[in-house]
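The values are calculated or read from the model by the stated rules, or taken from the named source; none is laboratory data. This one's a predicted model, so the numbers in the text were calculated from it and none came from an experiment. Ideal geometry is used to build each Cβ from the backbone, glycine not excepted, and the neighbour counts take in all protein chains shown. Ligands, DNA and RNA are stripped out before the accessible areas are found, and what is left, the full protein with its side chains, is counted by its heavy atoms. Shrake-Rupley method; radii C 1.70, N 1.55, O 1.52, S 1.80 Å.
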Amino acid sequence: MFERTAGSMIAMERTIIYYEQRGCGRTDKPEDDGAYKISHLVADFKEFHRLFGWEKVDLLGYSFGAELALEIANTLPHTVNRLVLSAPSMIQSPLQKLVQIAGFASVGATGIGSGATIDEAYQVLWNHADTAMVDKLLFQDPSLAAMNRKWWEESDLVNTGLMMRALEDDSSRPSLEERLSDIPHSALILVVTFDRNTGIPVASLIHDRLQHSTLTILSKSAHFPDIEESEVFTQYVCSFLR
């Protein structure tokens, strides 16, 4: 969807290289279902970087892509110039799960038993969320939620969700939260008032720990500012990269 919204506008100023991680979207999944660790994803980027012969790149990551951009910057700092982190996630953080639990509650989801742990409540809500509920969680404008799903279908995203499930279950991954202060790159963090999926709390956590970051809060969308506020999103990104 980014190719059809803000990406097409940013491409008027910048050369954009899109790639989908292994087992995501239209990219083939690895033969080994366990080959989804962060180290594998960083190694994939390293190979792209080598093949294209770049010196440094600016990385723009959305949601988990922003988290991966931070992992790349931490592991391969000399390959990265600047970071744009849109609605960044921290998938192993209890804070993100709390944001999503509160987000589901705010759009009418129910079914959590008394005494449930954070992990139990999180699993119950996602296991029982239907399409309409997820769209309410992720979007302010229902018509754009429907358009986004139409784009997903047209793009033939054959491997949606495989990588994320593997990463959520990876207990061997060292905490990114504890390594954020080691990242020296300039970063623009874009988050939205109504983001019920990762939200301002997660973005603020990242902002507080990075050495050089700017936190910008947009006001009219939810978890997809590149779709719901394309022009404003593009203006902030291009201004920062200039």
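Filter the range 175-188 down to the residues that are open to solvent by 50 Å² or more (accessible area, probe 1.4 Å) and over 17 Å from SER86 (Cβ atoms) and list them by number. Within the range 175-188, GLU177, GLU178, SER181, ASP182, PRO184 meet the criteria.
Would it be correct to say that SER172 is loosely packed, with under 13 Cβ neighbours inside 10 Å, within 30 Å of HIS78 (Cβ to Cβ), at pLDDT below 95 and more than 17 Å from the chain's Cα centre (by Cα)? Spelling it out, SER172 is indeed loosely packed, with under 13 Cβ neighbours inside 10 Å, within 30 Å of HIS78 (Cβ to Cβ), at pLDDT below 95 and more than 17 Å from the chain's Cα centre (by Cα). Taking the conditions (1) within 17 Å of the chain's Cα centre (by Cα); (2) open to solvent by 50 Å² or more (accessible area, probe 1.4 Å) in turn, PHE52 satisfies each one other than (1). Across the range 191-202, the number of residues qualifying as touching a helix residue (DSSP H, G or I) at 6+ places or on another chain (Cβ under 6 Å), within 13 Å of LEU218 (Cα to Cα) and of a type in the set (A, V, I, L, M) comes to 2. Out of all the residues in the range 99-131, which are among the acidic types (Asp, Glu) and surrounded by 10 or more Cβ atoms within 10 Å (Cβ to Cβ)? If the condition is that a residue be among the acidic types (Asp, Glu) and surrounded by 10 or more Cβ atoms within 10 Å (Cβ to Cβ), then ASP119, GLU120 are the ones that fit. Does the range 70-82 include one or more residues that are in a loop (DSSP other than H, G, I, E, B), surrounded by 14 or more Cβ atoms within 10 Å (Cβ to Cβ) and modelled with pLDDT of 90 or more? Checked against the condition, which is being in a loop (DSSP other than H, G, I, E, B), surrounded by 14 or more Cβ atoms within 10 Å (Cβ to Cβ) and modelled with pLDDT of 90 or more, the range 70-82 yields at least one hit. In the range 212-242, how many residues are under 16 Å from the mean Cα position of the chain (by Cα), part of a helix (DSSP H, G or I) and within 18 Å of LEU83 (Cα to Cα)? Looking only at that region, the number is 4. Quick check on the range 113-168: of everything there that is touching a residue at least 12 places away in the same chain (Cβ under 8 Å) and among the basic types (Lys, Arg), which residue is nearest to GLN21 (Cα to Cα)? My answer is ARG149.
Listed conditions (1) at pLDDT 95 or above; (2) open to solvent by 80 Å² or more (accessible area, probe 1.4 Å) are all met by ILE206, apart from (2). When the residues of the range 11-49 are filtered to those that are within 18 Å of the chain's Cα centre (by Cα) and in a helix (DSSP H, G or I), the one that is surrounded by the fewest Cβ atoms within 10 Å (Cβ to Cβ) is SER39.
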